[in-house]
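**Student:** Handing you this structure, nothing more for now.
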Amino acid sequence: MCDISGTRLAPAGEGGARWSPRPLPRVRTGRRPRRLRDDDRGSMNIHERQRLAALRTDRETVLAAAAALRHEAVQAHYAGLSRPEIAFGLASVLEMLALRIADQPPDIRAHVVRIAREMAGDTMDSPTVRRTRRR
């Protein structure tokens with residue numbers, strides 16, 4: 001006998017005069033739901049995979065800049081400089097932007113990534129820097 005919620009009721013004591021709820025046994029199928037992986041080809045085409053790879057790279061760049069900023073603030077504090085909380089606040093803003101980078105318009109995302117690269121010390125994004133030596 002079951003109630004409305006699907007809980008099986010079993011006799012509680014002798015004679016079966018009272019009923020107490022007892023949960024139904026779980027049905028196990030032996031299979032877990034499959035997690036999506038990066039290399040899952042599913043329904044994504046080449047453009048979607050490239051876009052996701054670019055977003056992942058941008059997010060990692062901004063997170064690396066936030067980590068570098070925090071590290072430099074701690075090192076400066078050890079050296080006797082004051083107010084590392086300003087750097088920590090900016091690092092928190094960068095982390096929030098990194099988490100929502102896919103929702104940003106392309107021009108804002110490009111600007112955030114450019115600033116993050118400059119903060120991390122990577123100047124390869126700058127078009128004025130020559131990438132090769134010419135002899």
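The values are calculated or read from the model by the stated rules, or taken from the named source; none is laboratory data. Predicted model, so just to flag it, every value in this text is computed and none were measured. Note that we place each Cβ from the backbone using ideal geometry, even for glycine, and neighbour counts take in every protein chain shown.
Conditions tested, residue by residue: (1) surrounded by 13 or more Cβ atoms within 10 Å (Cβ to Cβ); (2) at pLDDT below 90; (3) under 23 Å from residue 49 (Cα atoms).
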{"site": "85", "(1), (2), (3)": "no, yes, no"}
{"site": "108", "(1), (2), (3)": "no, no, yes"}
{"site": "119", "(1), (2), (3)": "yes, yes, no"}
{"site": "125", "(1), (2), (3)": "yes, yes, yes"}
{"site": "131", "(1), (2), (3)": "no, yes, no"}
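**Student:** Cβ-Cβ under 6 Å, sequence separation 6+ or interchain: first residue in the range 79-91 and of a type in the set (Val, Ile, Thr), partner surrounded by 10 or more Cβ atoms within 10 Å (Cβ to Cβ). Which pairs?
**Tutor:** none
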